[in-house]
Structures are given as C-alpha cells and as structure tokens.
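What follows is a single structure, written as structure tokens, with notes after it.
The values are calculated or read from the model by the stated rules, or taken from the named source; none is laboratory data. If you're wondering where the values come from, they're calculated on a predicted model, not measured in any experiment. For neighbour counting, all protein chains shown are included, and Cβ atoms are generated from backbone atoms with ideal geometry for every residue, glycine included. To get the accessible areas, we keep the full protein, side chains included, count just its heavy atoms, and leave off ligands, DNA and RNA. Shrake-Rupley method; radii C 1.70, N 1.55, O 1.52, S 1.80 Å.
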Amino acid sequence: MAEARASLHVRLSDERHQLTREAKGQITTVSDAELFFIGVALYWAEGQKDKEYARRECISFVNSDPQMIRVFLRWLDMLGVSADRLRCSVHIQAQADVEEATRFWSELTGVPRHRFWKPGLSKAPVGSPRLLRAVPYAGCLRIYVTNSARLYRQVEGWWRGIGAWAEAPGSEAAPVGSDSQ
C-alpha cells in the first residue's frame, strides 16, 4: 500500500511539473502594454492603499517572491521611476539572519544597502509551522518610492479603471493568443 501511494505521489508530481513547464513555455515575451497591466494588477493586489482615515498616497509594495519583486521593479522602470528613488526594508522573523536577508534583497534589486531602512522584525509563536520554513529564508521586501504621491494617484486611477471595465455590461477581454492583444 505504501509503495503504491509513493508511486502515485511521484506520478502526480511529474504531471504537475510537466504542466508547469508547458505553461511557462507559453510566456516568451511580455509587451510594454502587458507589463503595464501586470504592474497595475500587482500593485492593486499587493501595494499599500490610501484610506480616507489614513492618508498613504505613496507607492509602497511588499512581497516575498523574488520573481514578483523583479517584475514590479521592471514595471517601475517602465513608468520612469529612477532607481535612486527606491528605498527598501526587510520584514522578517526576528530569529532569522537579517543581515543575510538584507544582502539577498540588495543584490536582487540592485538597491544599495545604505538605502535600506531599519528592518521590521516579528516574532513567530513558539511551534509556528511558518517559522523559517523556506530555505534560504529572506522574509518579505518592502519597496518604497520616494516622492510618489502623484504616481500613486495615477496607479489608483488605473486600477479603478480596470475595475470599472469589469463592472461594465458586455465588457469582454480579448481571447488569449488573439491578434487584438
């Protein structure tokens, strides 16, 4: 029984990896227009939002996925945000190697360590299954863009425009692979 279960696990894992490789191969290039919408959606999902009761009109984005961070930085570059406007901070478990995580994120982003703010440290509950599971563990990175109130307002308008499009009766997206993309 255990042998059959292990065999099934291997087969399902192989199928999962094969499907992922095939899907990855379908993305060969990303146009500027596609990157624009990807960036807006990323910010809409993961960026800091302004609230009536707490004004936060600035670009501030947090995530732990290095690939997502790279895409977000490419989007900022496409929007004309210069690298010298970027500030970062690592948000990580206090028990982790904060210096190593800062080095990792600095190398990945190209943001010099002197432009990293004080890290945000949190203490996981004893026995937490999340505690340092990922190896290597680098926590989350917060990317902040200085002097970005105007850009924030534009980004908010763009995501609200996408939302309005989705609410409109009869709104349709072009099919994947169509010439209208």
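How large is the helix-only mean residue ellipticity at 222 nm for the chain, computed as the sum of -39500 (n - 2.57) over DSSP H runs with n ≥ 4, divided by its residue count, in deg cm²/dmol to the nearest 500? Present the calculation step by step, with values, prior to reporting the outcome.
Numbers: 5 runs with 83 residues, N = 181.
The per-residue figure over the chain is -15500 deg cm²/dmol.
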Over all Cα pairs of the chain, how is the pair count split among 5 Å bins, expressed in % and running from 0 up to the last occupied bin?
1, 7, 12, 14, 15, 14, 13, 11, 7, 4, 2, 1, 0
Within straight-line cross-link reach of Lys123, aspartates and glutamates at Cα separation under 19 Å, skipping those fewer than 8 residues along the same chain
Asp97, Glu99, Glu100
Given a 1.4 Å probe, the accessible area of the chain per residue, as a whole number of Å², is 69
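Suppose accessible area is computed on protein heavy atoms with a 1.4 Å probe; arrange Met1, Met78 from highest to lowest.
Reading off the accessible areas and sorting them downward yields Met1, Met78.
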Taking all protein chains in place and a 1.4 Å probe, what share, in percent, of the accessible surface of the chain do carbon and sulfur account for?
55
So, relative contact order of segment 1-157 in percent, Cα under 8 Å, 6 or more apart, is 29
Dipole magnitude of the chain, debye to nearest 20 (Cβ charges: Lys/Arg +1, Asp/Glu -1, about Cα centre)
780
